[in-house]
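Worksheet: the structure to be examined is printed underneath.
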Protein chains: 2
Amino acid sequence: MVALRIPSLSLFTVTAAAAAAARPLAGSSPVPSHLLRRRFRRLIPKHLASISSEFSTHSAVEKAQSPPLEEEERESEERRRRRKEGFISSRSQDFNGWYLDVIANAELADYGPVRGTMVIRPYGYAIWEAIQDYLNVKFKETGHSNMYFPQFIPYSFIEKEASHVEGFSPELALVTVGGGKELEEKLVVRPTSETIVNHMFTQWIHSHRDLPLMVNQWANVTRWEMRTKPFVRTLEFLWQEGHTAHATPEEAEKEALQMINIYEKFAYDQAAIPVITGRKSKVETFAGASRTYTIEAMMGDGKALQAGTSHNLGQNFSLAFGTQFTDENGQRQHVWQTSWAISTRFVGGIIMTHGDDTGLMLPPRIAPIQVVIVPIWKKADEKSVVLNAALSVEKELKTSGIKVKLDDSEQRTPGWKFNFWEMKGVPVRIEIGPRDVSSGTLVISRRDVPGKQGKVFGVSMESSTLIAYVKDKLDEIQSSLLQKAITFRDSNIVDVSSYSELKEAISQGKWARGPWSASDAEELKVKQETGATIRCFPFEQPSGTKKCLMTGNLAEEVAIFAKSY
Amino acid sequence: MVALRIPSLSLFTVTAAAAAAARPLAGSSPVPSHLLRRRFRRLIPKHLASISSEFSTHSAVEKAQSPPLEEEERESEERRRRRKEGFISSRSQDFNGWYLDVIANAELADYGPVRGTMVIRPYGYAIWEAIQDYLNVKFKETGHSNMYFPQFIPYSFIEKEASHVEGFSPELALVTVGGGKELEEKLVVRPTSETIVNHMFTQWIHSHRDLPLMVNQWANVTRWEMRTKPFVRTLEFLWQEGHTAHATPEEAEKEALQMINIYEKFAYDQAAIPVITGRKSKVETFAGASRTYTIEAMMGDGKALQAGTSHNLGQNFSLAFGTQFTDENGQRQHVWQTSWAISTRFVGGIIMTHGDDTGLMLPPRIAPIQVVIVPIWKKADEKSVVLNAALSVEKELKTSGIKVKLDDSEQRTPGWKFNFWEMKGVPVRIEIGPRDVSSGTLVISRRDVPGKQGKVFGVSMESSTLIAYVKDKLDEIQSSLLQKAITFRDSNIVDVSSYSELKEAISQGKWARGPWSASDAEELKVKQETGATIRCFPFEQPSGTKKCLMTGNLAEEVAIFAKSY
């Protein structure tokens, strides 16, 4: 079987840009090649010429080693056939195959007809809705209003902020025809909205009394990625993007931190994902930001997933667009801005954090179905008794706000249903048979504790007892999943004090945490030689003096290096 | 001042198609001209050749008479200047100017940088959220799941259903460049999703057990309209589109009717818009549908707004895409489908139904702010007393679920605030001054009853009394707005029994209701000669035998004719 190696985002970025620059376009190039080169240059600064050439060679080799798209397609045909038989690859042996099998079998998503696009199916979308429901409330509580900006952005806007255009040009989808006519100016399908937001902010912000201006939108965005993976990286994805403007740099910084904290709290409390929160290195900072904060999650294969980011944009966009206000002294000033986003990628993070060989495992607080009831009967006369009991339990749980599903279909055996709903990751299963009904009890099974160990017999059907019991159980599962993920995370982070230790840790698929004060060039060398990037300088820092693992110079902070999605 | 005449949607449709067909494109035409012609032909069937030519001439004249886009822009500059002074045009003298002024002053929306696009600002978006919140619950209650389909559709998909391509080809936005490369197949930015939905349905539907399949998505859509108007017709807009597949035509018909009924109930109960529900004529049926149901709302200027539609698609798309299932007898059958949609256009309908010369007037159930509290003080020592009382009233109302805003800014006088929040359409205003505080009372004003008549003094501040009073008042306003709209609607529908009566009614800006069994050609003649189209054959029909107003033949139904947005 051909291995599907997904290069880290940053590695990929360069690969794609290099490939695009190397491949001459048929006809006129809609993205000027100097832009592609510029992007390339930005990631590999001038003073790193020698590394740059090695790097691009290395990338080319990487590219040659990874299978062409057609092979992926063929593999996916083969996979599709096996999936029809309900097959799920072994998580430990083929993590990527397992991931794709789970997405298909649990009906979370499907491939769209256009390469790299994804159809989010109801069960997957319901997880996204749970993410939305929580965050939307938090955004409003902290003073943000939802609104909507158009998705078509004049091409000239993208060119206004230098590092922004370098970052996004190679990934743009362009509308060139509208209403049967060639357009005078190409339109960019938004890859992110900072440019159009600033264009509008200039019209709405006049005085300091108009600040802070704090908005958010739930929207689709498009980035023309070459290597895609459902949820994790798709050509079009859904997200929320917050945009704020402030009168002072301190306020903007406070806002950027507030929002990354909201993301962190969401990850821990709702998704049971123990992210590491921190600051991105200069090399990894968002194209157009002064500072990027991130939550980094460790997936089941040890790779990092950037699960949410919050940017302090400084005055980069306000200077480019002339977004100004008159301050209290009558002086014109440029605003200080932030932007922050979480996307459907997070759903991928949930799958890859909690799943097991059986399939999906969902934290109760974001599970579309928290409890599934499977009625069990053999003889016809048992059926109505059992079903009536099941219906009444369903009703009671629903009334108390628990998301419950009664699977009363007669097409499938109870055993088939057990497997099916375990694969779908439902946290709690309730079984009700004829004997249970006569004793006024039922059986409760936990998804996260397999076999008999996770099974409790004789739980009372009495409404208030049962509801309290189930709610307790859901809470227990929620914290148990978080605890398990914390244990996994901590046993896979290695403290390193030298480059050789770092290489060793990375080669074992772990995260390396060590003091770092070396240059951008050295950071890129690590990436080139190990495939790992600085995921962040974590907010939680060890005390004491530290020496840079690479140079031996004094280092103020430790950084975390890891391979990433 | 140049008048901004917005032609009716259908009139416009032909104008745009004709214009596009007449104007040769620079370079290669991305939409083959035979498609444009085909669309043209569909609206003017072959057997109407003579009318067709007159019609297209008429359209061309219409086009010449309406101002070119640049003039509109200049007018909008002038308007912008006046708006800065808070100016709102007279609703009765310049309905369109009034509409645009209200949208700008109430900060509902703004123009995007790309012609025809709209930025939905927080206050306008909050109205859309109220629409979403209500409908989303109803959709789920009736068994639909939310999901998400990609917005990029291969061009070949659009061509599969004949009347669909005729209907939509002239309005498409095409992505031709992705990731710096010319694409092999152009991608359509979805104008609606029936084609991609069917492509996916073929993969998910196998047996009758997979039916009914009932999904919905909240999404943005793009239609390259030439004449745009905020909310009512924009190049990109937000909507929900429901898509269902059923085993029998009866189930599909039942679903299409159920959904138009949900829309109707929403319009009456939430938006206080007394829509007329009915069936579209064949000429006005959605491109690709067998039958279209509609809710038609009467705007303040007497024009009709198609505010929501539900389509019985029959097997049109399932035949084109091969969407089949195996029935209980093992036979392969094509599914029967529906689709239904409500869009941000509805926000325009709310503005144009309830507003007055003062500005917006929002029905309490969809108002982002239901109650505004304006504290009034003169001396410094009154301030804290009044503000404390206002804060406690705010808290009590908020706790009881009322959407309340305390305007405690010191930049503006109470009088300015009264005007401002009236213009923003807030249903109830509470005034609290020092004397009110000492008597433990406050003043309540209704937005919908101007002056002293709408004002009640001495309402008790005591929590439970106040909350009950405010809730009562909100209910009263809600039903009063609906009643007013019903009265307006009914006084502007004229029963006609001849074509001359119809012409008379239309020329007075009214709706004409009369028996109709004439041909498509005669329907188009009415459109050509009066500008009015059949809005619907209403579900509510008078009893007794009827004679067609045009031909004198027996007619089974009355139709409603009106000019429309």
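The values are calculated or read from the model by the stated rules, or taken from the named source; none is laboratory data. Everything quoted here is computed from the prediction, not taken from an experiment. Every residue, glycine as well, gets a Cβ built from its backbone with ideal geometry; the counts of neighbours run over all protein chains shown. In case anyone asks, the SASA skips ligands and DNA or RNA and just uses the protein heavy atoms, side chains included. Shrake-Rupley method; radii C 1.70, N 1.55, O 1.52, S 1.80 Å.
Give me the dipole magnitude in Debye, nearest 20, for chain B about the Cα centre, with unit charges on the beta carbon: positive for Lys and Arg, negative for Asp and Glu. Show your work: numbers first, answer last.
Values: 69 positive and 68 negative charges, 160 e Å.
I would put it at about 760 debye.
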For this session: Using packing as a proxy for protection, rank B:292-303, B:496-507 so that the peptide with the highest average count of other Cβ atoms within 10 Å comes first.
Result: B:292-303, B:496-507
For this session: Give the interface area between chains B and A as buried accessible surface, both sides summed, probe 1.4 Å, in Å² to the nearest 100.
Result: 4900 Å²
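Quantify how strongly other chains surround peptide A:339-348 by giving the mean number of their Cβ atoms within 10 Å of each of its Cβ atoms.
Values: counts 0, 0, 0, 0, 0, 1, 0, 0, 0, 0.
Mean shielding count: 0.
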Seminar exercise, completed: For A:Gln132, inter-copy label-point distances (7 Å, Cα→Cβ), nm, shortest first, read 0.6
Problem set entry | Rough spin-label spacing in nm, given labels placed 7 Å along Cα→Cβ, for B:Gln258 and A:Trp204 | 3.9 nm
Exercise. Which listed residue (B:Gln508, B:Ser90, A:Tyr111) has the Cα farthest towards the positive end of the charge dipole for the protein assembly as shown, taking +1 on Lys and Arg C-beta and -1 on Asp and Glu C-beta about the Cα centre?
Worked result: A:Tyr111
Problem set entry | Helix B:9-22 axis, angle to chain B major axis (alpha carbon atoms, nearest 10°) | 50 degrees
Problem set entry | Pairwise centroid distance, computed over Cα atoms, of the range B:410-449 with the range A:351-412, Å | 52 Å
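So how much slack lies between A:Lys181 and A:Leu387, counting 0.36 nm per residue of separation and subtracting their Cα-Cα distance, in nm? Write out the running numbers ahead of the final one.
On the way: separation 206, 0.36 × 206 = 74.16 nm, distance 6.17 nm.
Taking 0.36 nm per residue and subtracting the Cα distance, the gain is 68.0 nm.
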Problem set entry | Label-reachable residues, the range B:398-437, where backbone N falls under 17 Å from a point 7 Å from B:Lys379's Cα toward its Cβ | B:433-437
Problem set entry | Acute angle (nearest 10 degrees) that the helix B:463-491 long axis makes with the longest principal axis of chain B, alpha-carbon atoms | 40 degrees
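Share of chain A's accessible area from carbon and sulfur, percent, 1.4 Å? Could the numbers behind the result be given before it?
On the way: 11170 of 22300 Å².
About 50 percent, which is the carbon plus sulfur part of the accessible surface.
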Seminar exercise, completed: Shielding of B:120-133 by other chains, given as the mean Cβ count within 10 Å, works out to 3
Problem set entry | Computed [θ] at 222 nm, helices only, for chain B once each DSSP H run of length n ≥ 4 contributes -39500 (n - 2.57) | -13000 deg cm²/dmol
Exercise. By average Cβ neighbour count within 10 Å, what is the ranking of A:124-133, B:170-179 from highest down?
Worked result: B:170-179, A:124-133
Exercise. Taking the Cα centre of each part, how many Å lie between the range B:203-260 and the range B:506-565?
Worked result: 28 Å
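Assuming a ≥ b ≥ c are the square roots of the Cα gyration tensor eigenvalues, decide whether the protein assembly as shown counts as rounded (a/c under 1.5), prolate (otherwise, with a/b larger than b/c) or oblate. List each step's numbers first, then the result.
Details: a/c = 1.34, a/b = 1.29, b/c = 1.03.
Rounded is the answer for the protein assembly as shown, as its axis ratio a/c remains below 1.5.
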Problem set entry | Pair A:Lys138, B:Asn419: separation of 7 Å Cα→Cβ label points (nm) | 4.3 nm
Exercise. Average partner chain C-beta neighbours within 10 Å, per residue of A:233-242?
Worked result: 1
Exercise. A:Ala162 label points, 7 Å along Cα→Cβ, one per copy: pairwise distances from this copy to the rest in nm, shortest first?
Worked result: 5.9
For this session: Note down the nm distance, to one decimal, between modelled labels 7 Å out along Cα→Cβ at A:Ala521 and at A:Asn553.
Result: 1.2 nm
Problem set entry | Calculated from backbone phi, Karplus (6.51, -1.76, 1.60) coupling profile of the range B:428-441 in Hz, x at Gly/Pro | 10, 10, 10, 10, 10, x, x, 5, 4, 4, 5, 8, x, 10
For this session: Could you work out the local net charge near B:Ala247, counting Lys and Arg as +1, Asp and Glu as -1, over the other residues with Cβ closer than 14 Å to its Cβ?
Result: -4
Exercise. When the label point is put 7 Å from the Cα of A:Thr248 along its Cα-to-beta-carbon vector, which residues of the range A:321-338 have a backbone N closer than 18 Å?
Worked result: A:325-338
Problem set entry | For a label point 7 Å along the Cα-to-beta-carbon line of A:Val456, residues of the range A:425-441 with backbone N under 19 Å | A:426-433, A:436-437, A:439-441
Exercise. For label points placed 7 Å from Cα toward Cβ, what is the shortest-first list of nm distances from B:Thr202 to its copies?
Worked result: 4.8
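Can you work out the accessible area per residue across the protein assembly as shown, with the rest of the protein chains kept in place, probe 1.4 Å, in square angstrom? Numbers along the way, then the final one.
Details: 44550 Å² over 1130 residues.
On a per-residue basis, the protein assembly as shown sits at 39 Å².
Where Lys and Arg each count +1 and Asp and Glu each count -1, what net charge lies around B:Glu422 among other residues with Cβ under 15 Å from its Cβ?
Working: positive: B:Arg91, B:Lys405, B:Arg412, B:Lys417, B:Lys424, B:Arg429, B:Arg446, B:Arg447, B:Lys452, B:Lys455; negative: B:Asp101, B:Glu107, B:Asp356, B:Asp357, B:Asp407, B:Glu431, B:Asp448.
Taking every Cβ under 15 Å from that of B:Glu422, the sum is +3.
Any chance you could run the full-extension gain for B:Asp472 through B:Ala162? It's 0.36 nm times the residue separation minus the Cα-Cα distance, nm to one decimal.
On the way: separation 310, 0.36 × 310 = 111.60 nm, distance 5.33 nm.
Fully extending the segment from B:Asp472 to B:Ala162 adds 106.3 nm.
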Exercise. Residue farthest toward the positive end of the dipole of the range A:323-432, with Cβ of Lys/Arg at +1 and Asp/Glu at -1: which of A:Leu391, A:Pro427, A:Trp340?
Worked result: A:Leu391
Problem set entry | C-alpha long axis of helix B:194-204 to longest principal axis of chain B, angle in ° | 80 degrees
